[in-house]
Every structure is written in structure tokens, then in C-alpha cells.
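Below is one structure, written out as C-alpha cells; the observations come after it.
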């Protein structure tokens, strides 16, 4: 195994671990506690007034975080193609469609004013769009394009991870939440999309056939 391969797989494993941790947090925080119990006082009233949408988004996004990494497993895709397809369908329908639509609804009540609301609304729209493009590509038999679009989509799914990293970092640095959140609403996903596109542009032919995968 080359150093670059080892480094790539280590990065993928770390991302998968963080995604699983955030998904577990979502399931525990929103499944075992009342709406708003795990957030600041300013958001508790909003959560209590919108429990169905908030819980729906939390569970759908958590499911997408759990299933996303498995979509890039070469072993699973090669040895169990039917299972790969069913995981993909569940990821898209129960994770992306439900999570994206509920996220779009939630963006209206996001703290941080219109800048944060626009940031989260844009994330939801692009998340839904990339998922749809990935689905359309595979339905048309364009496997390379399917993998490219799903890589972009999964990069956006990982915004949930970055969001929970940036908030405590900004607060620890002394930036007030009301100033930090509008920035975080964009910072948690735009760089992900830029990095994903950079990766895809590295030797387009080879990358199309060998996107990042989980360890074999």
C-alpha cells in the first residue's frame, strides 16, 4: 500500500467515524430528549414550536450520514451490487429528499438573520439538486457521472459534521453566536463543494473510475 493510498483511506475512515458520531448524536439528542433540550435557550422556543420538522430533519440527515460512506465502498459495489443499489435508494429517498425538504423548511427559522437563512436554504437546494443529478445519471446508465454527482452530494451531507465543529470553535474564540452563525451557515458546506470539485478535476478520466472509497 502506497503512502498516498494509506493517507486517503485514513482520511476516509476519519470522515466516516465523524459522520457516524454526528448521526449518533442526532438520534440520541432528538430521539430520546424533548425538542430543544440539547440547544441553547434562544432556540428552545423555536424547537418546541416545530418539533415534527426538526425531528424529521435530524433523523433523515442522520440516516444520510450513516449510509453515505457505504456508497463509496468498492467491495460492496462489486460484490453486492443489489445491496449497493438499495442503500443508495434509501440514502436518496429517506435521507436526501426527506432531509433536504425538511432542511429547506427549517431554514426559514434559522438564527442569524437572513444571511444564515439563505445559507442553509442554499445548502438544502444544492443537496437536493446533486442527489437528483446522481439519481438521473444512474438511471441513464452514466455510472461515472453518477459517482461524480454522488461525491458532491456526500460532501454536502458532511456539512452536518463541520457545523458541529465550527460552532464550538467560534464560540471558544470569543465570537458571539449571533455573529458566528451567519458565517457558519455558509462555511459548513461551500468549502466542501469546492474541495469535492477540486478532487474530481484531478485527472478527470482516472478519477471518474476511481473515486474515494472506503477501505477494501
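Just so it is clear, none of the values below were taken in a lab; they were calculated from the coordinates. What you are looking at is a predicted structure, and each value in this text was computed from that prediction instead of being measured. Neighbour counts run over all protein chains shown; Cβ positions are idealised from the backbone, glycine included.
Worth a mention:
- Approximate spin-label separation residue 183-residue 83, in nm, with each point projected 7 Å along Cα-to-Cβ: 4.4
- Label-point separation in nm, residue 90 to residue 167, each point 7 Å along Cα→Cβ: 2.7
- Relative contact order (%) - the stretch 78-162, alpha-carbon pairs under 8 angstrom, separation at least six: 21
- Taking 14 Å as the cut-off, the amide N atoms of the stretch 151-186 that come nearer than this to a point 7 Å along the Cα-to-beta-carbon line of residue 122 belong to 182-186.
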